[in-house]
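Colleague: First the structure, then my questions, so here it is.
The values are calculated or read from the model by the stated rules, or taken from the named source; none is laboratory data. All values reported here derive from a predicted model rather than from experimental measurement. Note that each Cβ is placed from the backbone with ideal geometry, even for glycine, and that neighbours are counted across all protein chains shown.
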Amino acid sequence: MFDFCPLILLIEEDPLFRRLMITYLELWGARVIEADGGEDGLVQAELNGPDLVLCGLLLMPAGDDVIAGLKRRYPALPVIAISSRQTMADVARALRAGAEDYLIKPIRNWSLVAEVIAASLKPESTRMLDELHDHLAYYRREDIAASRLLRSWRQQPERELGGWRLSCRQSSPWVLTEYLNLDRDLLLLLAEFDPLNMDTPVIMTLVTFILNEPMRRYGSEPGSMLNSPARTLEYINRLILDVGLDIRVNLALIRLSADASTVEVANGGMAGSDWLDRCNAGPLGLGELTADQFSYRCSFPLNLTLKGSFGGEIQLTASRGSH
C-alpha cells in the first residue's frame, strides 16, 4: 500500500481502537510504535524518529496540546489527528496545532485512511506539487474561479509589519508583493507575471504560498534558507520548474535589516537600479538558476521602483519606527 515501509507512531488512549488501527497499519506494510498517552508519545517520538504520527486530541498533564508539542520539536514530522470529536472548532484546533489532516472516529472507510496516510508520507515538495496540479486543472476549467482568484490578490497599499511601515503601489494586476517577518528583519518578495499565459493565476498562487514551509521551519533550523535571499530565489525557481509549466516569472527578493541598515538582494529578472542589475540572474522558470546576492548599506525610509519585462511596475517605500 505504501511506497516504503514507514515507521508510524500511534498515540491513542482507547486500547481497542489502538489495536484495530495497528492491525490495519501493519496490513498496509507499516511498522508501528504505540503509545497510550501524550507523555509516552513524546518520549517514543524522541527515541524512535517516526516517519509519521497518528495522534488523538490529547493534552499533557500541564495542559499543553500534544500535537503542538510534537510540531514544536519536530516541525517536518507529519502528524495526522484522529478523534471522535467532529465540531469545526476541534478540527480547527488540530490544524492550527500543525496537523496535516484530521480523521474522525469511528472509521467507516479504511481505504480513505490509507490514502490520507500515504499522501502525508510524501515529501513536502511532492505534496505541494500534487495539490498544485489539482488547482491547475481546476482553474483551467473554471474561468470565473480564476478571475475571482485574481481579484483576491488586491492588496492594501499601506501595511505595518513588526515595526516596519510599507507603502506599495503597483501598475498591474499581474504584479505580486509578499512580506515575511524574519525576527526584526523583513523579507520582500516582488514578482511580475506574464499576463498572456493561461497558467499565470496558478503560478501566482504557487508563489503566494511557496514560502510557507520554509517560514514554518524558520527559527527551528540553524542556517535557515530564508536567511539567504539567493538560496531562497533558487528554491522558488526549482519549484516552478518542478511544476512543469512553460512560464516565466520576474522576481526579486529583498531582505531589509533593522539593526544593520543594510539591504540584501537576489534578483531574477526585475530592473530599476544598478544594484538590481549587478545580481540579476535572469527570469525564473527558464532553467536551473544560480543566484548572486548583493548587499549594500542604506538609510530609511527606503524608496524602490522595480520594473518587470511585461510592463508591470512596483513602487515601494519601507520605513522603520517613527520614520
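Colleague: Looking at (1) assigned by TED's automatic domain parsing to the domain that holds I104; (2) in contact (Cβ under 8 Å) with a residue 40 or more places away in the chain; (3) buried (at least 16 other Cβ atoms within 10 Å of the Cβ), which one does F2 not meet, given that it meets all the others?
Modeller: Result: F2 passes all but (1).
Colleague: Look at the stretch 35-50 and say how many of its residues are crowded, with 19+ Cβ neighbours inside 10 Å and in contact with a Pro (Cβ under 9 Å, 6 or more places away or on another chain).
Modeller: 2
Colleague: Return yes or no: is A76 within 15 Å of L9 (Cα to Cα) and at pLDDT 85 or above?
Modeller: Here the answer is no, as A76 does not meet what is asked.
Conditions tested, residue by residue: (1) under 19 Å from R93 (Cβ atoms); (2) touching a helix residue (DSSP H, G or I) at 6+ places or on another chain (Cβ under 9 Å); (3) assigned to a loop (DSSP other than H, G, I, E, B).
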residue	(1), (2), (3)
F2	no, yes, yes
L9	no, yes, no
L16	no, no, no
Y24	no, yes, no
G29	no, no, yes
I33	no, yes, no
V43	no, no, no
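Colleague: Any idea which residue in the stretch 148-172 is surrounded by the most Cβ atoms within 10 Å (Cβ to Cβ), counting only those that are at pLDDT below 60 and of a type in the set (D, E, K, R)?
Modeller: Per the criteria, the residue is R148.
Colleague: Given (1) out of contact with any helix residue (DSSP H, G or I) (no Cβ under 7 Å at 6 or more places or on another chain); (2) closer than 16 Å to T205 by Cα, identify the lone condition not met by V243.
Modeller: In the conditions (1) out of contact with any helix residue (DSSP H, G or I) (no Cβ under 7 Å at 6 or more places or on another chain); (2) closer than 16 Å to T205 by Cα, V243 misses (1) alone.
Here is a yes/no grid of residues against (1) at pLDDT 80 or above; (2) among the charged types (D, E, K, R); (3) at negative phi:
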site	(1), (2), (3)
D64	no, yes, yes
K71	yes, yes, yes
A81	yes, no, yes
R85	yes, yes, yes
A94	yes, no, yes
D101	yes, yes, yes
S111	yes, no, yes
V116	yes, no, yes
D130	no, yes, yes
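Colleague: Let me ask another. Among the residues of the stretch 237-275, which ones are more than 23 Å from R320 (Cβ to Cβ) and of a type in the set (G, A, S)?
Modeller: G244, G268, G269, A271
Colleague: Against the conditions (1) at pLDDT 60 or above; (2) exposed (fewer than 12 other Cβ atoms within 10 Å of the Cβ), where does V175 fall short? Just the number, please.
Modeller: Failed condition: (2).
Colleague: Among the residues that make up the stretch 48-59, is at least one of them over 21 Å from A118 (Cα atoms), more than 30 Å from the chain's Cα centre (by Cα) and not in a helix (DSSP H, G or I)?
Modeller: no
Colleague: Here is a further query. Identify the residue in the stretch 8-31 that is more than 32 Å from the chain's Cα centre (by Cα) and of a type in the set (A, V, I, L, M, F, W, C) and, among all such residues, is surrounded by the fewest Cβ atoms within 10 Å (Cβ to Cβ).
Modeller: By that ranking, first place goes to L16.
Colleague: Which of (1) of a type in the set (D, E, K, R); (2) within 25 Å of the chain's Cα centre (by Cα); (3) within 22 Å of R85 (Cβ to Cβ) does E34 not meet, given it meets every other one?
Modeller: (2)
Colleague: What is the residue count in the stretch 194-246 for residues that are modelled with pLDDT under 80, within 27 Å of K307 (Cβ to Cβ) and in a helix (DSSP H, G or I)?
Modeller: Selection size over the stretch 194-246: 7.
Colleague: Among the residues of the stretch 106-117, how many are over 11 Å from I80 (Cβ atoms) and surrounded by 15 or more Cβ atoms within 10 Å (Cβ to Cβ)?
Modeller: Of the residues in that region, 1 qualify.
Colleague: For the stretch 265-323, which residues satisfy the criterion of being under 22 Å from V207 (Cβ atoms), β-branched (V, I, T) and not in a loop (DSSP other than H, G, I, E, B)?
Modeller: If the condition is that a residue be under 22 Å from V207 (Cβ atoms), β-branched (V, I, T) and not in a loop (DSSP other than H, G, I, E, B), then V265, T305, I314 are the ones that fit.
Colleague: Search the stretch 282-313 for residues being among the small types (G, A, S) and surrounded by fewer than 19 Cβ atoms within 10 Å (Cβ to Cβ), and hand back the single one that is nearest to L241 (Cα to Cα).
Modeller: Filtering the stretch 282-313 for residues that are among the small types (G, A, S) and surrounded by fewer than 19 Cβ atoms within 10 Å (Cβ to Cβ), the one nearest to L241 (Cα to Cα) comes out as G287.
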